[in-house]
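The values are calculated or read from the model by the stated rules, or taken from the named source; none is laboratory data. Note that this is a predicted model, so its numbers are computed, not measured. Positions of Cβ are backbone-derived with ideal geometry, glycine not excepted, and every protein chain shown enters the neighbour counts.
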C-alpha cells in the first residue's frame, strides 16, 4: 500500500460494497446523519451484479466518493478504500449495517482521550429476526478506556471489535500492509489483533452501531472448508515462539475460544470439511479442547441451536 498526499480529514469512512442493494441507502444515510461532520465516505464497489451501485449513487452528499473495481474480494476493496482515503483515521462500515448518529462523535472522543492507539472500537447491537440483541461484554457497565488484556477481553466477547465498529489510524494500516488479500474469512480479525498488539485497543461500551444479521448475502456459513485466517496465524505464531511472551497466555486462550466457537458453527451448518480442518490446528490437540470438540461432534443439533439462540441477551 502506498501513502497518498492531500488535504486531511479526521475520518474516512470506508464501505466495501458487493450486492447490497436492499441496504446500502439506509447504511449511507446513517453516515450522512452523523453529528460529527469532519469526514468523507469512500464506497468501493467490488463488482456488484445487482443495483447496489445505482442505489449508492442515489444518495446525494458531496462527501461521498464512489470507486469501482472488478470483483476481487473484501480485503482488496478495503485496501483500495484506505489508499483513496484523505482522513487521518479509517472508520470501517459494512454496507448492510447501521451507525447511530453519535458513532463518529464517540470515536472522536476516544481518540482525543487516548491518542496514539492502534484500534478504537465501540459497542454494538445485533439485529436478528426483527429483534435487537446485546452481545456479551467483557467489561463492567460504563467502561471507557484502554483494554489492558486484549486477548483476555476478546476471549470473553468477540463483540469487542468488528468491521462495523473498528477505527484505525490510516498510517498504521499503511505500514502494516493492509488486509491480507485472497483470504475469505478472518482477515479483518487478523488486522484488529495485529494493530492491538502493536499499539493497544481503546473501547467504549456506548452502543453506537447495529450489526444486521438478517441482511442479504450475510451468512456465517463457510462451506469451503476454510479455517479463519486469524486462527491459522495465531496457531503458527504461538507454537513457533514468534509471539511476545507477555501475550502468549491470553493469545492461547483466545485461540482455543475461537476454535471452539467456529467449530460449533461448522457443526450447526453441517460443514464437515471445515470442522475437520480446524481440528488439525495444534491448539486443538490439547486435552480440554479435544474433549470440547468431541462433545460438539456428539451433541444433538437441536441443543446447539438452542445455545446459539441464547448466546446474546435480547434488548
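Below, the figures for the structure above:
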item: Region 269-282, residues that are over 23 Å from the mean Cα position of the chain (by Cα) and either part of a helix (DSSP H, G or I) or within 20 Å of residue 240 (Cα to Cα) (or both); result: 272, 273, 276, 279, 280, 282
item: Residue count, region 242-252 (criterion: surrounded by fewer than 16 Cβ atoms within 10 Å (Cβ to Cβ) and either farther than 15 Å from residue 194 by Cβ or without any contact (Cβ under 8 Å) to a residue 12 or more places away in the chain (or both)); result: 5
item: Single match in 51, 37 (criterion: under 28 Å from residue 108 (Cβ atoms), in the same structural domain as residue 101 (by TED's automatic domain parsing), out of contact with any helix residue (DSSP H, G or I) (no Cβ under 7 Å at 6 or more places or on another chain) and modelled with pLDDT of 95 or more); result: 37
item: Answer residue from region 49-74, given it is part of a loop (DSSP other than H, G, I, E, B) and in contact with a strand residue (DSSP E or B) (Cβ under 6 Å, 6 or more places away or on another chain) and is surrounded by the most Cβ atoms within 10 Å (Cβ to Cβ) among those; result: 63
item: Residue satisfying all of: in region 118-132; buried (at least 18 other Cβ atoms within 10 Å of the Cβ) and over 21 Å from residue 168 (Cβ atoms); farthest from the chain's Cα centre (by Cα) among these; result: 127
